[in-house]
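Following: one structure in C-alpha cells, then a few remarks.
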Amino acid sequence: MIERGFDFTKLYGRIVRYYLDKRRYSKERANEIAQKVVQRERRIRTCQKCAHLTYDHLRNYESCLVGECDCQKFERPLA
Ligand SMILES: [Zn+2]
Ligand SMILES: [Zn+2]
C-alpha cells in the first residue's frame with residue numbers, strides 16, 4: 001500500500017484534543033506536546049539526502065518523485 005501525503009495538521013489537532021480532553025492538560029502544555037510530536041514525525045519522514053518527505057519517494061522508500069530530484073533511495077535519519 002502506498003502511503004499518501006501525511007497530514008501533519010490533522011495529527012497535531014488530534015494530539016492537542018487528546019491531552020485536553022483525556023489528560024486534562026492546559027492548552028499551552030497540550031500545544032507544546034503536539035508540536036514536539038509533529039516535529040519528530042516530520043523528521044523521521046524526511047529523506048536525509050534530498051530533504052523531501054517519504055511520500056515523495058516511490059513506494060515510500062525508493063526513487064524520489066519530485067521533478068528535478070535525482071535521489072535514488074530514501075535515506076532514513078539516524079536514530
Ligand atoms: Zn527528493
Ligand atoms: Zn531522497
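The values are calculated or read from the model by the stated rules, or taken from the named source; none is laboratory data. None of these values were measured; they are calculated from a predicted model. Virtual Cβ from ideal backbone geometry, glycine too; neighbours counted across all protein chains shown. SASA here: full protein model, heavy atoms, side chains in, ligands and nucleic acids out. Shrake-Rupley method; radii C 1.70, N 1.55, O 1.52, S 1.80 Å.
A few points about this structure:
- Only residues that are surrounded by 13 or more Cβ atoms within 10 Å (Cβ to Cβ) and either farther than 18 Å from Thr9 by Cα or within 16 Å of ligand 2 (Cβ to nearest atom) (or both) were counted in region 20-48, giving 5.
- Checking Gln72 against (1) open to solvent by 90 Å² or more (accessible area, probe 1.4 Å); (2) at pLDDT below 95, the condition it does not meet: (2)
- Restricting region 25-51 to residues that are among the aliphatic types (A, V, I, L, M) and part of a helix (DSSP H, G or I) leaves a set whose member that is farthest from Lys73 (Cα to Cα) is Ala30.
- The residues of region 52-66 that are open to solvent by less than 70 Å² (accessible area, probe 1.4 Å) and in a loop (DSSP other than H, G, I, E, B), listed by number, are His52, Asn60, Ser63, Val66.
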